[in-house]
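Visitor: Structure incoming, see below.
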There are 2 protein chains.
Amino acid sequence: MRTPSKTRVAFQGEPGAFSHAAARKLLGSEVKVLPCPRFDEVFDALQGNRVTHAVVPIENTLHGSVHENYDHLLEYDLPIVGETSIRISHQLIAMPGTRFRDVRRVLSHPVALNQCIRFFKEHPDIEKVPHYDTAGSVKTLAEQHPSHSAAIASAAAAEIYGGVILKRGIEDDRQNFTRFFLLDRKPLKRPSTSGGWKTSVVFSMPNHPGSLFRAMACFALRDLNLTKIESRPLRGKPWEYLFYVDLLGHADDTSVANALGNLKEFSSMVRILGSYQPME
Amino acid sequence: MRTPSKTRVAFQGEPGAFSHAAARKLLGSEVKVLPCPRFDEVFDALQGNRVTHAVVPIENTLHGSVHENYDHLLEYDLPIVGETSIRISHQLIAMPGTRFRDVRRVLSHPVALNQCIRFFKEHPDIEKVPHYDTAGSVKTLAEQHPSHSAAIASAAAAEIYGGVILKRGIEDDRQNFTRFFLLDRKPLKRPSTSGGWKTSVVFSMPNHPGSLFRAMACFALRDLNLTKIESRPLRGKPWEYLFYVDLLGHADDTSVANALGNLKEFSSMVRILGSYQPME
């Protein structure tokens, strides 16, 4: 996608974070960025007009749905307008001049360090050093030039901070993907010609036998295909559940609109989070 | 629960981890433990008879389901025999003699540091120091006695390593709960008298319109109440989905057994993970 020069995207983490890689994939590699320490600050930045878009992780193949970002999607009125997935691939990165055989310490976020167990087993003389952020560990190398040190982060982090990749793809699990949403302040209209839409919806239901079945009937009656369903107990409301549903179609399609209208008869809350065309 | 002296439980993390707190709640505070660096090692320890039980986190109210542990539950044949939830409450812990006004550095896992943002905003002179583990940060204080240092971890970690709690409950979000499963090598039989059972099931379905609806019908026809449903795309099998379902009842109840038999007509795989009585 070509990025107009006014496009600026907020994400959580340092420049070079996997969210930054997702933002580049969705908006082009030259997109201007606003890195934020926390997810609520990402939503605030978009709502407060300090950026044109935001990119947030919504689920990971190992760690599940990011409920915190579903909470923010419900709290703020910022529609989803795009979606993509990024494979979490970890690179061993050092500053130019550091050779692999000189490396004695590797900085990264503990979650990333734990996703590269095989590498550390093969190199028992290399020490794991926990750091606050994956991309931030490359930033620290670039700023402080500690001796005998490398970092584990994305390829984008190497590029941004002028690091070199000493070892590629040192993650244990190559099936580790994170799915990201692209957010805007206005929802996308459905052009009359194009297909391939997906719609994300959150609704609540009372917790009694058959209530979920009734909700599913609203979609099944219209032959709508669900690509995700997830229940989440509402803390403090022990008898109600939140449901996250993704379905194929645009919210303005007659069958989708009818299904959601039908769902409102049984549900105390139905919220369309957005309709979007997934980017592979 | 009184713990027979041969009971020994494996969990991921250092002694004093939240998994350890869950194990104490489920098996008694004197339970013997085998702390493991990784989740697969926890399952290996139980399968290999090195422990009698294992305790693993399965979902968190902020971070969602722990798919990695669902994968291990499918891979190993180790049934769920108990369930409990633990509130993730963070304590500021120091070694005896360190006063709060002397603290300049706080060690913890970055996820825990990020869950105490308000505390660090109120004390801008205190530095966050990322560490590999929450309980491990208290262990490091006890072993190395760094000056002007404290840690963020569970109350159990303070007790185990002889720390004192300087500030209680410094987490930003008091609604952060983790749900844990207790695993054994043999499933629990249903005693004829008692109620309050829950059963966890995983099944797979082809991804076409109405297939989930058909699965839900199997439960709705028997008035069974689902307390969790979650879909998960199977990577590498783009047309199939895994579903996680929890329902009220024991797998040996006639209605549950009939529903699961019915489900097998539509599903390429149905696995009962276990029946258990949740502990509040």
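Just so you know, all these numbers are worked out from the coordinates, no wet-lab data involved. Small disclaimer: the values here were computed from a predicted structure and weren't measured. As a convention, Cβ positions derive from the backbone with ideal geometry for all residues, glycine included, and neighbour counts pool all protein chains shown.
Visitor: Which of rounded, prolate, oblate describes the protein assembly as shown, given a ≥ b ≥ c as roots of the alpha-carbon gyration tensor eigenvalues and a/c under 1.5 marking rounded, otherwise prolate only if a/b is larger than b/c?
Guide: oblate
Visitor: Which value in nm describes the separation of the simple spin-label points at B:Ile165 and A:Lys189, placed 7 Å from the Cα toward the beta carbon?
Guide: 5.8 nm
Visitor: Too long at a 31 Å Cα-Cα cut-off: which of A:Lys228/B:Lys198; A:Lys128/A:Lys198; A:Lys189/B:Lys228?
Guide: From A:Lys228/B:Lys198; A:Lys128/A:Lys198; A:Lys189/B:Lys228, over 31 Å: A:Lys128/A:Lys198; A:Lys189/B:Lys228.
Visitor: To continue, here is another question. Answer with one residue from B:Ile160, A:Met216, B:Gly82: the one whose Cα lies farthest towards the positive end of the charge dipole of the protein assembly as shown, charges on Cβ with Lys, Arg +1 and Asp, Glu -1.
Guide: Value: B:Ile160.
Visitor: Would you mind ranking B:Asp102, B:Asp44, B:Asp246 by Cβ crowding within 10 Å, fewest neighbours first?
Guide: B:Asp102, B:Asp44, B:Asp246
Visitor: What's the whole-number percent of alpha carbon pairs in segment B:133-175 lying beyond 11 angstrom?
Guide: 63 percent
Visitor: Starting from segment B:13-121, pick out the GluC sites (Glu not before Pro) whose DSSP state is loop and whose Cβ has at most 16 other Cβ atoms within 10 Å. Numbers along the way, then the final one.
Guide: Numbers: sites: B:Glu30, B:Glu41, B:Glu59, B:Glu68, B:Glu75, B:Glu83; in loops: B:Glu30.
Passing sites in segment B:13-121 are B:Glu30.
Visitor: Full-extension gain between A:His148 and A:Asn49, please, as 0.36 nm times their residue separation minus the C-alpha to C-alpha distance.
Guide: 31.3 nm
Visitor: Also: In whole Hz and in residue order, list the ³J(HN,Hα) couplings for segment B:181-186 that follow from phi through the Karplus curve 6.51 cos²θ - 1.76 cosθ + 1.60, θ = phi - 60°; x for Gly and Pro.
Guide: Once θ is set to phi - 60°, the couplings for segment B:181-186 become 9, 9, 10, 9, 8, 10 Hz.
Visitor: Please sort by residue number the trypsin sites (Lys or Arg not before Pro) in segment A:1-55 whose DSSP state is loop and whose Cβ has at most 14 other Cβ atoms within 10 Å.
Guide: Hits after loop and neighbour filter: A:Arg2, A:Lys6, A:Arg38, A:Arg50.
Visitor: Next question. Using DSSP to define loop residues, name the trypsin sites (Lys or Arg not before Pro) in segment B:70-153 whose beta-carbon has at most 11 other beta-carbon atoms within 10 Å. Numbers along the way, then the final one.
Guide: On the way: sites: B:Arg87, B:Arg99, B:Arg101, B:Arg104, B:Arg105, B:Arg118, B:Lys121, B:Lys128, B:Lys139; in loops: B:Arg99, B:Arg104.
Here the sparse-neighbourhood loop sites are B:Arg99.
Visitor: Mean residue ellipticity at 222 nm from the helices of chain A, using -39,500 (n - 2.57) per DSSP H segment of n ≥ 4 over the full residue count, to the nearest 500 deg cm²/dmol?
Guide: Rounded to the nearest 500, the figure is -7500 deg cm²/dmol.
Visitor: Next up: So if the hydrodynamic radius of segment A:131-262 is defined as the Kirkwood radius over C-alpha pairs, what does Stokes-Einstein give as its diffusion coefficient at 25 °C and 0.890 mPa s, in µm² per second?
Guide: 128 µm²/s
Visitor: If the only charges are +1 at each Lys and Arg Cβ and -1 at each Asp and Glu Cβ, what is the size of the charge dipole of segment B:166-280 around the Cα centre, to the nearest 20 debye?
Guide: Rounded to the nearest 20 debye, it is 320 debye.
Visitor: To the nearest 0.05, what FRET efficiency results for A:Ser89 and A:Arg38 with a Förster distance of 25 Å applied to their C-beta separation?
Guide: FRET efficiency, A:Ser89 to A:Arg38: 0.50.
Visitor: Below 8 Å, C-alpha to C-alpha, sequence gap of six or more: please give me the relative contact order for chain B in percent.
Guide: Working: 609 pairs, mean separation 61.4, N = 280.
Answer for chain B is 22 percent.
Visitor: Of A:Phe120, A:Leu141, A:Gln91, which is farthest along the charge dipole of segment A:91-167 in the positive direction, counting Lys and Arg as +1 and Asp and Glu as -1 at C-beta?
Guide: A:Phe120
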